[in-house]
Amino acid sequence: QEVLAMEVKSSPSQPHWYQRHVQPCLAELLGTALFIFIGCLAVLEDSAGTGRLQPALAHGLALGVTVTVLGNI
């Protein structure tokens, strides 16, 4: 006789309420605060001749850092 092995499928567990609600809100708050803080500092330190390039690069780098650090959330 041939015995068939039954596969037991585990149902995926629901994430904790903290992971579903609080972590994304904290990540959004931290990312937005960093984004605005870096952007405002870039406008305050306007070097001669940079024009719009310095704030644009500062915002881009802040966004890149935020996505890299908080991307797993």
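At-a-glance table
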item	result
Test set (1) among the polar types (S, T, N, Q); (2) exposed (fewer than 10 other Cβ atoms within 10 Å of the Cβ); (3) touching a helix residue (DSSP H, G or I) at 6+ places or on another chain (Cβ under 7 Å) - residue 14 fails condition number	(3)
Where residue 49 falls short, out of the listed (1) modelled with pLDDT under 80; (2) within 14 Å of the chain's Cα centre (by Cα)	(2)
Restricting the range 17-46 to residues that are charged (D, E, K, R) and either at pLDDT below 80 or more than 21 Å from the chain's Cα centre (by Cα) (or both), the residue that is most open to solvent (accessible area, probe 1.4 Å)	45
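Yes/no matrix, rows are residues, columns are (1) open to solvent by less than 70 Å² (accessible area, probe 1.4 Å); (2) at pLDDT 80 or above:
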site: 2; (1), (2): no, no
site: 53; (1), (2): no, yes
site: 56; (1), (2): yes, yes
site: 72; (1), (2): no, no
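The values are calculated or read from the model by the stated rules, or taken from the named source; none is laboratory data. From a predicted model like this one, the values you see are computed outputs, not experimental measurements. Positions of Cβ are generated from backbone atoms using ideal geometry, with glycine treated the same way; all protein chains shown enter the neighbour counts. Heavy atoms of the whole protein, side chains included, go into the accessibility calculation; ligands, DNA and RNA do not. Shrake-Rupley method; radii C 1.70, N 1.55, O 1.52, S 1.80 Å.
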